[in-house]
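Working notes, structure below.
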Amino acid sequence: MKLTTHAIRSLIAPLILIFAMWGTAFYIFLSDELIDEIDDQLELFSEQIIRQWLAGEVLPESNNASNNTYYIRPVSAEEEAVSKGIEYEFKNIYIPEHLEEEPARVMHTLFHREDGTCWQLTVMIPIYERNEVISTILTFTSILLIAMLLVVMAVFAWVFKRHTRPLYRVLHHLDNYTIGHKQLIEEDTTVTEFQHLCTTVNAYIERIEEAYEHERRFIGDASHELQTPLAICQNRIEMMMEDDTLTESQLTELGKMQQTMSELIRLNKTLLFLSKIENSQFVETTEVSINALLHRQTDILAEVYESKGISLNIYDKAPWSIQANEELMSSLVSNLLRNAYLHNHPQGTIDIYIREGALSIANTSTEEAIDPDRLFDRFYKGNHTRHQSSGLGLSIVKAICDASSLRITYTFAQDKHIFTISR
Amino acid sequence: MKILIIEDDLSFQEILRRSLEQERYVVEVAPNYRTGLIKLSDYTYDCILLDINLPDGNGLELLREFKEMKKESSLIIISARDSIEDKVEGLDLGADDYLAKPFHLAELLSRIKSVMRRRQSGIDEHITYGNVKLHPQRTEVWVDDTKVELSRKEFDILLYFMQRPTRLVSKSMLAESIWGDHFDGVDNYDFIYAQIKNLRKRLTSWGASIEITGVYGMGYKLIDK
């Protein structure tokens, strides 16, 4: 869930609660106020009637278009004893004009005449108008509060988004960040927390880059430093082999040593090459024809692997030339082809398709589909150790593709391993 | 023939010296820039092997100084750096050859012979062993005074052997130099055997005095019968 949604969600419940309480309080206050007002009217009205009645003046008509009604009745002494003097109540009364009962506010007042008899005046004011007012107020208040709620949400969302923009910028930056392409975040925010975040993230990027650079240099430097000791070792073996007094077994042993040395030297060279690719040391580009490169390489490989009896089919669907470093392209094609020969079984097939912008190499193999996530890892050899593969060939292919803006995909279909290079 | 080795790694220097002395060269060594410069200005050598990474200076700088002395010596750079840029820079400065470490001693010896031949005979260099004469530039082979025909691959193999006669050439060394990286990971050297077999047949049919002999199943040697 997004942070904004999260914040709005947790804001909604308390806001609704507060607004509801607020509305309720407002409603109660307002209706009390209205009742008070009516009670005041009733009091005035009854005072006037009592005064007039006691003075024997003409009393107002019971109904003078205001629907106010009253009556006076004598009260017995027992009744007087339990009465509080003035009492208010709500009651439905019959209004002759409306021909029906309507809610009304009723006031009972006890008073004494000069002769000491106790009388009760009951005054009634219909309150259906007041109820209408209250329900209108209630509707408007509800509408107002809901509208307010929405406005508050909208304003909050806008303000929140605005203020968290630096956060999203940092996240976006981190999403796009790939190791080895150092790019720091610009700090154009005045918020202390975000400034702190930017500084911290930048510090981490610096540290990661430094470690990465260090590791990258280390492999290159280590391979480079190994060159001379490897040369010495190899040459000492060669010197020894020149000795004519050696027996066959000694010479064979030396020969095996020499072969292992050669493998070691090749491995080291490959690592050095890989490190050079990753350090972008192959910058010069020329127009390279993939078709020509492929035919040249297959000629040599077909010769080297003649004994395997592999049938090779090349389908030049279209010429494909790319602007790239020739040495890298040559190594790319050579590694892919070697891979197809090396992991093939005797009498297997290799099918090569060249189209504009894509090269596919499909080979048969005794091996099952390979885990595509690990395929390009350095020294990944799958489940077999049968051949002397260094396990670096496909890492080189991947590194070259990355360095030359090419895409490499691997698929396994119809018992064939298919590698496709495309633009 | 006098050769100067300017190389700071003493063990490597010793190997090079011993190997060259076996070939009856007179060898002198310099372990650093300073000594190298003194020897270069004081004496004259037929060939100089120069390492680029020296403890007290850059070999390329030494090469520049040497070129200003206008001496008639061949110079081969031996360096742990093998990028094309490094090679081009070294050759542009006037080195006759550039050999990246690690290399085979046999390779070094044939390069030394090659640069010295070039210096002596100009462009038209050729290698002779027994009654066989080989022109690397023209890719021609002559037996006695008859020109013979052979395939490009066979020519490359013969050239490789002619450059290092009587020396043991292991199958992996041969494969590496003729087929480059392509044979990386190959577990069977049949393809070499097939080529050698053809070449042997040809040498016999031409009446050549040289032959390729097997050495305990691990390599070959070119010898004069």
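Values in this text are rule-based calculations from the coordinates and carry no lab data. Since we're looking at a predicted model, the values are computed, not measured. Cβ: placed from backbone, ideal geometry, glycine included. Neighbour counts: every protein chain shown.
Our helix-only sum for chain A, with -39,500 (n - 2.57) per DSSP H run of n ≥ 4 divided by its residues, gives a mean residue ellipticity at 222 nm of -19500 deg cm²/dmol.
In chain B, helices alone account for a calculated mean residue ellipticity at 222 nm of -13500 deg cm²/dmol, with every DSSP H run of four or more residues adding -39,500 (n - 2.57). Once the convex hull of all Cα atoms in the range B:2-121 is built, its volume per residue stands at 95 Å³. Shown for chain A are the DSSP H helices of 18 Å or more along their axis, judged by Cα atoms, with a mean Kyte-Doolittle hydropathy of at least -0.5: A:3-55, A:128-176, A:192-241, A:248-278, A:290-304, A:326-342. What base-10 log of the normalised intensity I(q)/I(0) is obtained for the range A:286-422 from the Debye formula, alpha carbons as equal point scatterers, at q = 0.10, 0.15, 0.17 Å⁻¹? Result of the Debye calculation: -0.29, -0.69, -0.91. The reciprocal of the average 1/r between distinct C-alpha atoms defines the Kirkwood hydrodynamic radius, which for the range A:192-278 equals 16.3 Å. When you restrict to C-alpha pairs under 8 Å that are six or more residues apart and normalise by the size of the range B:65-172, the relative contact order lands at 17 percent. In summary, the lysines within cross-link reach of B:LYS133, defined as a Cα separation below 22 angstrom excluding same-chain residues under 8 places away, comprise B:LYS113, B:LYS147, B:LYS153, B:LYS197, B:LYS201, B:LYS221, B:LYS225. The C-alpha atoms of chain B define a longest principal axis, and helix B:152-163 lies at about 60 degrees to it.
If I take every Cα pair under 8 Å that is 6 or more residues apart in chain B, average their sequence separation and divide by the length, what percent do I get for the relative contact order?
The normalised contact order for chain B reaches 13 percent.
With a Förster radius of 56 Å, plug the Cβ-Cβ distance of B:MET69 and A:GLU306 into 1/(1 + (r/R0)^6) and report the FRET value to the nearest 0.05. Display every interim value, and only then the final one.
On the way: r = 52 Å, r/R0 = 0.93.
It comes out at approximately 0.60.
Spin-label pair B:ASN53-A:ASN176: with each label point 7 Å from Cα along the Cα-Cβ axis, the two points sit 3.9 nm from one another. Near A:ALA358, once Lys and Arg are set to +1 and Asp and Glu to -1 for all other residues with Cβ below 15 Å from its Cβ, the sum equals +1. Counting only aspartates and glutamates at least 8 places from A:LYS381 when in the same chain, those with an alpha carbon closer than 18 Å to its own are A:GLU263, A:GLU367, A:GLU368, A:ASP371, A:ASP373, B:ASP184, B:ASP187.
Across every pair of different alpha-carbon atoms, what Kirkwood hydrodynamic radius in Å does the range A:128-220 reach? Don't skip to the end; give the middle numbers.
Working: mean 1/r = 0.0569 Å⁻¹.
For the range A:128-220, the Kirkwood estimate is 17.6 Å.
Given a Förster distance of 25 angstrom, what is the FRET efficiency for A:THR190 paired with A:PHE160, based on the Cβ-Cβ distance and rounded to 0.05?
Details: r = 17 Å, r/R0 = 0.68.
Computed FRET efficiency for A:THR190 and A:PHE160: 0.90.
Could you list the residues of the range A:341-359 with an amide nitrogen less than 16 Å from a label point located 7 Å from the Cα of A:THR366 in the Cα-to-C-beta direction? Under cut-off, by backbone N: A:341-349.
Taking only the alpha carbons of chain B, we obtain Rg and Dmax values of 18.9, 57 Å in that order. Relative to the dominant Cα principal axis of chain B, helix B:105-121 is inclined by about 80°. For chain A, set up a Gaussian network in which alpha carbons nearer than 10 Å are linked by springs, and say which option among A:GLY309, A:GLY220, A:GLY56 fluctuates the most. Evaluated over chain A, the most mobile residue of the options is A:GLY56.
So what is the relative contact order of chain A, in percent, for Cα pairs below 8 Å that sit 6 or more residues apart?
Working: 467 pairs, mean separation 37.5, N = 423.
Once divided by the residue count of chain A, the mean separation gives 9 percent.
Compared with the dominant principal axis of the Cα atoms in chain B, helix B:33-42 is inclined by about 80°.
Net charge near A:PHE26: determine it from the other residues with C-beta under 15 Å of the C-beta of A:PHE26, scoring Lys and Arg +1 and Asp and Glu -1.
Numbers: positive: none; negative: A:ASP32, A:GLU33.
In short, -2.
Among B:VAL143, B:VAL132, B:VAL186, the residue with the largest mean-square fluctuation in a Gaussian network model of chain B, with springs joining Cα atoms closer than 10 Å, is B:VAL186. For the protein assembly as shown, the share of alpha carbon pairs falling in successive 10 Å distance bins from zero is 2, 11, 15, 15, 12, 7, 5, 4, 4, 4, 4, 5, 4, 4, 3, 1, 0, 0 percent.
Given N residues in the range A:18-98, what is its alpha carbon radius of gyration divided by 2.2 N^0.38 Å?
Values: Rg = 17.3 Å, N = 81, 2.2 N^0.38 = 11.7 Å.
Cα Rg divided by the expected 2.2 N^0.38 Å: 1.48.
Comparing A:HIS345, A:HIS214, A:HIS98 in a Gaussian network model of chain A (Cα springs below 10 Å), the most mobile by mean-square fluctuation is A:HIS98.
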